[in-house]
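Here is the structure we will look at, set down as C-alpha cells.
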Amino acid sequence: MADALTHFEGIFARAYSQLDGSIHILDAFNETQEENGDPKFTYNTLTEASDMGRFAIVLTVASMDDYFTRKYAEIMVKAIKKKGVNTSFTKMLEDAGLDLAGALELLAMERPYRKIRTLAQNYYQNYTTQSTGKIDKLFETVGISKLSSHAQRRSRRKTLITSVNELVKRRHKIVHSGDLTRTGKIQKIDARTVKRINDIKLFVECSNTHINAFLKQKS
C-alpha cells in the first residue's frame, strides 16, 4: 500500500497538470484569435484557462490535507509506542469516547493499539488539515510540537508558513465564492500564486522529513 507522501505526490501532480493544461488552452484560443485578427487573450481574460489554475489551487490544498491525515494515521501507533502517551492524546481519546472502563478493557486486549488507532481514526475522520495551526494541533497529540515551524526552518524559507496559509485562504475563496471579490470581479492568478503552489510541496516534503526524523530519535 502506498504511503502518505506517495499519495500526496500523485494528487499534486494532477494539480500541476491543470496549470500546464491551462497554458495549452490559452495558446489554442490565441491561435484562433490570430486567424481572425482579434486581440489575444491573456491568462486572466480567458476564464477557461484561469479556472484550470483555480482548480489546481483546490487540488493542491487537497493534496496537503490528504497527506497530513494519512501521515498521522501512518505514524500514530509507532509514535505512542516509542514516545508514550501525552495529555493531548489522552484528551483526544476521552473526546473519542474512551472512558476509564474502556481504558481498563484495553489491558485485556490482545491488540490494544489497534483499538486506539481505530478510535483516533474515527475521531479525526472529518478533521481537515488545511491550515498550519490545525496541522500542529493534530501532531501535538503524538508528541511532535510546532511541526509547521520545524518544517519552515528546514526549508530555510522564513515566509513559508505565511505562503501556505495564503494559498489555503485563496482555496476557500474559490470554493465558497467562485474566487470573486466583494465587488463581483474575478481575482487574478499571478506568478506569486503559482509559487505558492510549489510552496505547498516544499512544506509537505519538509514536514515529512521532520516527522521521520522525530520517529528515529531515541525513546
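The values are calculated or read from the model by the stated rules, or taken from the named source; none is laboratory data. In this text, all values refer to a predicted model and were calculated from it rather than measured experimentally. No Cβ is skipped: glycine too gets one built from the backbone with ideal geometry, and neighbour counts run over all protein chains shown.
Remarks
- Residues being over 17 Å from Ala15 (Cβ atoms) and either touching a residue at least 12 places away in the same chain (Cβ under 8 Å) or hydroxyl-bearing (Ser, Thr, Tyr) (or both) - total across the range 191-216: 8
- Out of Thr162, Thr128, Thr118, sole residue that is assigned to a helix (DSSP H, G or I), modelled with pLDDT under 95, of a type in the set (Val, Ile, Thr) and over 26 Å from Thr45 (Cβ atoms): Thr118
- Exclusive hit being over 23 Å from Ile189 (Cα atoms), surrounded by 19 or more Cβ atoms within 10 Å (Cβ to Cβ) and not charged (D, E, K, R), set Met76, Met64: Met76
- Whichever residue in the range 175-211 is crowded, with 21+ Cβ neighbours inside 10 Å and β-branched (Val, Ile, Thr) and, among such residues, is farthest from Lys71 (Cα to Cα): Ile189
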